Each structure stands twice: as C-alpha cells, then as structure tokens.
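Reviewing the structure listed below.
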Ligand SMILES: *Cc1c(COP(=O)(O)O)cnc(C)c1O
C-alpha cells in the first residue's frame, strides 16, 4: 500500500474553508483575491485556537512547563517550514512579520555588503523600496532589470547588468503578483553565481502555487509571507543559507536577539535568534505550521495541476473577449490575471463585479512601476487559490464582458 494523496476534489476542499460558503448581497461569494491574502482552512483556525487555549506562553524565556510547550510548538513550526522549503537545517529559517519585513531585514543586514543590487521592473514594492532606501542611505547602486513585452525577465539585460562583476545580490520575484509570470529561477541563480552575486527570490506568490526546493533552486535567500499560504497574517519567512546568515549583523535590536548585554554593549545571539528581536508571532507560527501541513497533505503537485487547468481555462476565456487586455503572456505563468477593460476604469469594473459577488483587486497591486512599464493606469486582478473553480473563472470572464458593455 502506498500512501498516495487522495485525488484533488475542489468541492471537498472548499468545505474546509468556512468563509467560502458566505454570501455577498445574497449571491455566492466568488473570491478571486487570494493573491492579496488567502482564506484560511478550518484546521488553521483550530490549531491556533487549541494552542491559545491550552499551550500559550511566551517562548525562549520561562523555565516553566507552558513556556517549554510553547517554545517547542514554535520551533516545530520552524522545522516544518524548513521541510516545506527543503532547507538544509531549521536554523536557516528566520521568522519575520511578513515578506516586507524579510526584505527590509535583508536590505539592512546583507545589503551594505553589496556594491550593487539588481531588482526587476516587475517587483512588488516590498522588493523594491527597501533597496531604494539602501541606495539612498548607504550609496549601494540599484540596477533594474527590464521586463519584456511578454512579461518575462529580460535575461540578456540581466546578463549585461551582471557583466562588470560589481553586483552583490540579485533580488527578484519567483512569481509576479501582477503578471503571474514564473521566473526561471535556476537560470537566474546560475547567471548570478557565475558573476559572483547572491540571489534572493521573492516567493510570496510562488510558494503558494508550486513546490519550492531551495537547495534545488540553488538560491541564497527565499522570502514568503504566511497569510497568502492559507495561514495567518503577522508571520513571514526569510530563508537564508546558514553561512550567509551567520556572517550577517542583526537588524532590529532588543530581547531574544542577544546572548549577552551590558550597559556598554551586547553580543548578538546565534542564528536564527539573532534576527528575531522581541516576542515573535507565536500562535501565528502554529497556524503557519498547520497551513503547511494542510497544503502538504493535498500535495503541492496536485495544487499546481489544478491551478494550471484553471489558468489555461482563464487564458482561453479572457483572450477571446473583445476590448479586454491581459497584462503579460509569459510561457510559464500561474493563476494571476491583471486585466484592463478598454471602456472603463479598473475601480468601476471592480465595483460592478462586486455587485455580482465577485471579489477582485483593482489598482496597481503594489507594483506601480510595472503598470507604468505596460502603459496602463490600473488593472483589475483576479488571483486564484487551491479552492478556485472553473465556474468562478467563468463568472469573472462573463462579468468583465458585461462591464465592458455597461460602461460603453
Ligand atoms: C504580497 C506580496 C508581497 C508582500 O507581502 P506582505 O505580506 O504584504 O509583506 C511581496 N511580494 C509579492 C510578490 C507579493 O505578492
């Protein structure tokens, strides 16, 4: 007997998410904003409640029983994240507040060791602004890799940006939260390493939709955020190769990140405690652990296959609609579709969709430079999760067609 995961049954999976059975204006909720924050399955809520009711205390402090239980739960969550990413050891996993905090940590602790840093035109502001701040604070040069008309990283341009050997870090998205583009991470890593640069990947989207193996990718840092992975908000992850983390100074100072303090100075703690100043997100770590167990039991491969069917279906439906422009057409893409309707502003389209019970994001999705690159002021974005159905994709496409007529 093998223990194969049960076949993917989206109807069954939807029952795990209480919120999906709520109604909006009397209509079934069509939630297509998982790329902004995903809904939580009952097992995540239950794990957090159970922990708070029976095992909660601060971690790494008390000698008493509850604190030991809570510390164990927190460290077990770290081990679960390490397995999820296939990190070499749980010590390579730093808990942060979210992806944004992960990049700020990286910019402060690793950034100053670089002469130049490369990001791309399709970064979320979380992987752009911290590097602009580093440039302004410390004079580290910031280089921007172009994106092609298809919405892919321009690898020839990347090669030219790396050519002088001055780049210390390439920090790019693993999957765009606007275009759905999945970047060729192994190629990027190979190119960067050959030029003496390290690589950080923004996995805020990719880690939700695909199996991630940081050792197979060969990346040096990997960042993601708990609330998009069906876990709670308030927790994120920075993975870093151990020898790199060990060479990095702390970012935030305070309790837990020190091994010794006197009035005249301090000795930082070892890794990863060095980067976890203050009381961490404890119940949130338990919730993230439950979320990782949940998606792992379903299987990241099965989730990817389901979303691939949805993505192909969405591409076919949307590209057949007159007057609807989908940003990006990458070869390798996931279930994120940012669309512009030729007759209407994105906010008006989203308002009409809301009347049909459809929740989408409208605006620039924390990627203003990318919208400028494609010459659009704003877009409506539908983003899929493991609970998204083909019928919901159809509802989105139908409502877009209706909106185009309505605003004509
Ligand atoms: C959402 C997102 C972030 C930021 O996540 P936070 O939880 O808001 O810090 C960063 N990068 C990408 C690609 C995202 O989609």
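The values are calculated or read from the model by the stated rules, or taken from the named source; none is laboratory data. Bear in mind that the values here come from a model prediction, so they are computed numbers and not experimental data. Every residue, glycine as well, gets a Cβ built from its backbone with ideal geometry; the counts of neighbours run over all protein chains shown.
Name every residue in the range 327-351 that is surrounded by fewer than 20 Cβ atoms within 10 Å (Cβ to Cβ) and away from the ligand (no atom under 16 Å from the Cβ), in order of residue number. Of everything in the range 327-351, those that are surrounded by fewer than 20 Cβ atoms within 10 Å (Cβ to Cβ) and away from the ligand (no atom under 16 Å from the Cβ) turn out to be 329, 331, 342, 343, 345, 347, 348, 351. Taken over the range 12-34, the criterion of being out of contact with any strand residue (DSSP E or B) (no Cβ under 6 Å at 6 or more places or on another chain), outside any strand (DSSP E or B) and touching a residue at least 24 places away in the same chain (Cβ under 8 Å) is satisfied by 13, 14, 16, 17, 18, 20, 25, 29.
For the range 214-234, a residue qualifies if it is away from the ligand (no atom under 12 Å from the Cβ) and either within 13 Å of residue 285 (Cβ to Cβ) or outside any strand (DSSP E or B) (or both), and the qualifying residues are 214, 215, 216, 217, 218, 219, 220, 230.
Annotation: of all residues in the range 72-89 being over 25 Å from residue 182 (Cβ atoms) and touching a residue at least 40 places away in the same chain (Cβ under 8 Å), the one that is surrounded by the most Cβ atoms within 10 Å (Cβ to Cβ) is 77. Among the numbered conditions (1) more than 16 Å from the ligand (Cβ to nearest atom); (2) surrounded by 14 or more Cβ atoms within 10 Å (Cβ to Cβ); (3) assigned to a helix (DSSP H, G or I), the only one that residue 108 does not meet is (1). For residue 135, the requirement of being over 22 Å from the mean Cα position of the chain (by Cα), outside any helix (DSSP H, G or I) and either surrounded by fewer than 16 Cβ atoms within 10 Å (Cβ to Cβ) or assigned by TED's automatic domain parsing to the domain that holds residue 247 (or both) is not met. If the condition is being assigned to a loop (DSSP other than H, G, I, E, B), within 16 Å of the ligand (Cβ to nearest atom) and under 18 Å from residue 93 (Cβ atoms), then the range 191-213 contributes 203, 204, 212. Here residue 102 qualifies as over 18 Å from residue 369 (Cα atoms), within 15 Å of the ligand (Cβ to nearest atom) and buried (at least 22 other Cβ atoms within 10 Å of the Cβ). Condition (residue is over 19 Å from residue 179 (Cα atoms) and touching a helix residue (DSSP H, G or I) at 6+ places or on another chain (Cβ under 6 Å)) applied to the range 308-319: is it met by at least one residue? Looking through the range 308-319, none of the residues is over 19 Å from residue 179 (Cα atoms) and touching a helix residue (DSSP H, G or I) at 6+ places or on another chain (Cβ under 6 Å). Annotation: residue 60 fulfils all but one of (1) assigned to a helix (DSSP H, G or I); (2) surrounded by fewer than 19 Cβ atoms within 10 Å (Cβ to Cβ); (3) touching a residue at least 24 places away in the same chain (Cβ under 8 Å); the unmet one is (1). Just give me the residues in the range 142-190 being part of a helix (DSSP H, G or I), out of contact with any helix residue (DSSP H, G or I) (no Cβ under 9 Å at 6 or more places or on another chain) and free of Cβ contacts under 8 Å to residues at least 40 places away in the same chain, in sequence order. Of everything in the range 142-190, those that are part of a helix (DSSP H, G or I), out of contact with any helix residue (DSSP H, G or I) (no Cβ under 9 Å at 6 or more places or on another chain) and free of Cβ contacts under 8 Å to residues at least 40 places away in the same chain turn out to be 156, 157, 160, 190.
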